[in-house]
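Below: one structure, written as structure tokens.
Any read-out appearing in this document is the output of simple, stated calculations on the displayed coordinates, not a laboratory observation. Small disclaimer: the values here were computed from a predicted structure and weren't measured. Note: ideal-geometry Cβ built from the backbone for every residue, glycine included; neighbour counts use all protein chains shown.
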Amino acid sequence: MSLELWSIAEIAQRIHAGELTAARVLDTMQARIQNVDRELGAYLALDGDRVRADAAEIDRKRMAGEPLPPLAGVPVSLKDNLVTEGLATTAGSKILQGWIPPYDATVVARLRAAGALVLGKVNLDEFGMGSSTERSAYKKTRNPWDTSRVPGGSSGGGAAAVAAGLCTASLGTDTGGSIRQPAAFCGVVGLKPTYGRVSRWGVIAYASSLDQVGPLTRSVADAAAMLQVIAGHDPHDSTSLPVPVPSYAQALTGDVRGLRIGLPREYYEGLADAEIRAALDKTIAALVERGAVKVDVTLPHTQLALTAYYIIAPAEASSNLARYDGIRYGKRAEATDLLSLYMKSRGEGFGPEVKRRIMLGTYALRSGYYDAYYKKAQQVRALIKADFDAAFEQADVLLTPTTPTTAFRFNAKATPLEMYQADIFTLACNLGGLPGLSVPCGLSSEGLPIGAQLLARPLDEAMLLRVGGVVESAVGLAGARPSGVGGI
Amino acid sequence: MSTLTRKEVEEIALLARLHLEASELEALQGELTAILDHFSALAAVDTTDVAPMTHALPIELPLRPDVVEPSLPASAALAAAPKREGDLIVVPAIIPGSDP
């Protein structure tokens, strides 16, 4: 296997041993991006001088015999809603075109301190609002397994880049499935940590009570290594939890004996795709064969998750996105009075899906409607959380499909509601604040990846990694690689 | 759930400080009506005595000591302002008739 597909451990060990330089890693990855990304469309911006200097510093430390940090020389990409000092950050929106942030998000600073090489910023649906990356204001990202299909979204650029070997790992954000759904579509591992596990400081806000940063990787072990670096309290984020971070590598025991695997009835009843159903059945059988116990559970309010989500998330978005007013940074339209300046700057800067959600959120929050919409949705959210609490009395981890279908074709979703349905299995996890993992569990007859979703109790990411590691080795892709672009 | 009128859509757009072209207003009128219709399922859910969930996890908002800490220099914070004069951001007159 070539360097482009090595794991984090393989790169780190070779750099520690002096068999590989960070400069060589950087050259190889930049050459591959040059060769392949014209067709794939994953990257929005590439770093140059900064990452070259970071690579040189790692190689200098190694030559001088100084200790190397855990991700020394590991090439990563970042979803373009994570702010990066000196590197253009757009959130996939025209309203931030040309904006150069003056600081690094905490997760970015942590990756840099851990020695990761930040190759560049990757594509997304505008402000994270979408499930196909088709809502980016900048470019189309293709699925490396079949370039006539979407990579999923909103972290579609990162999922495609990881799958195609254009970086070793990527950081995405997940508000209603935006890490796990593209991970499933692109055949990679995607982890949404518990709300509060990872700092949101410097993450361009979409829905603040749901947003969380997490890794997209080619293996469960790599997801554990990335989470280890980004997890933990940040004084800059009052919602980040001041609790210790366990060793995630130690969670990968390969042992699921005695674990109770909960199968939420509503998720399987709502699953129409027979091939995904068969892949899940195989996954369940593999876990039972290795000593896990299957338990039927029920999450009665599952059907309401979509509605609650599409009230809460747009309401929070309409408030968060009020900051893009053309005054302090971002696009400013020409106008002679202040109200016109606000309205024209926003009207010209935001794309159709963002406008739709701002309108929806403003409707739900306006005077006289608050109780019927936002408050009601928050009450339903409490019922959904209570469902999970009850299920976790009977089960240690829940196993569901990640998505109702495999990757769909471009322009396949005609209406907003059809697109929203792409997230029906991933939304409830965010409403409950739970950690969730998508791990590949097979290929469809068309050769498209299928994802299994694992959900665990708050702060029990270790459980997800433990079970996910077993799913990966028992029913994963077994070395199958995407053939759509730049085969390696 | 009733149909949104064109006037309601215009009112919401003004509240959201969002200029919309006539074609956008028309499209949104239909789309928002369809989405809100979908939301009507929520009204049927019994939420008597259910406290709204405002946070994913029960956390207490922490306080920190009120001490000055290093922050971005003004020049960095202002670097992306679309229109500037020195350390000030220039905007159109807020009071009508009082040109800057």
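Things to note:
- For A:Lys375, a cut-off of 18 angstrom between C-alpha atoms picks up these aspartates and glutamates, skipping any fewer than 8 places away in its own chain: A:Glu316, B:Asp37, B:Asp46, B:Asp49.
- Gyration tensor verdict on the range A:3-259 (Cα atoms; rounded if a/c is under 1.5, prolate if a/b is larger than b/c, oblate otherwise): rounded
- By other beta-carbon atoms within 10 Å, ranking A:Tyr103, A:Tyr370 with the fewest at the front produces A:Tyr370, A:Tyr103.
- Area projected by the alpha carbon convex hull of the protein assembly as shown, averaged over all directions, nm²: 27.4
- Amide H contacts of A:Trp99 (H built 1.01 Å from N, under 5 Å, at least 5 apart or other chain): A:Thr89
- Relative contact order of chain A, defined on C-alpha pairs under 8 angstrom at six or more residues apart (%): 18
- The lysines within cross-link reach of A:Lys282, meaning a Cα-to-Cα straight distance under 25 Å and a gap of 8 or more places when in the same chain, are A:Lys192, A:Lys294.
- Dipole moment magnitude, nearest 20 debye, the protein assembly as shown about Cα centre, only Lys, Arg, Asp, Glu C-beta charged: 720
- Global geometry of the range A:303-374, whether rounded, prolate or oblate, following the gyration tensor of its Cα atoms and the 1.5 cut on a/c: prolate
- Residues with amide H under 5 Å from that of A:Ala292, placed H, sequence gap 5 or more: A:Gly258
- Under 19 Å from the Cα of B:Lys83 - aspartates and glutamates, other chains or at least 8 residues apart: A:Asp325, A:Glu334, A:Asp337, A:Glu348, B:Asp99
- Couplings 3J(HN,Hα) for the range B:61-71, derived from phi with the Karplus relation 6.51 cos²θ - 1.76 cosθ + 1.60 (θ = phi - 60°), are 5, x, 9, 10, x, 7, 10, 6, 10, x, 9 Hz, where x marks Gly and Pro.
- Given A:Lys61/A:Lys94; A:Lys61/A:Lys139; A:Lys121/A:Lys413, the pairs whose alpha carbons are separated by over 30 Å: A:Lys61/A:Lys94; A:Lys61/A:Lys139
- MRE, 222 nm, helices only [DSSP H, n ≥ 4, -39500 (n - 2.57), over chain A, to nearest 500]: -11500 deg cm²/dmol
- In terms of other Cβ atoms within 10 Å, A:Val76, B:Val90, A:Val107, A:Val118 run from fewest to most in the order B:Val90, A:Val118, A:Val107, A:Val76.
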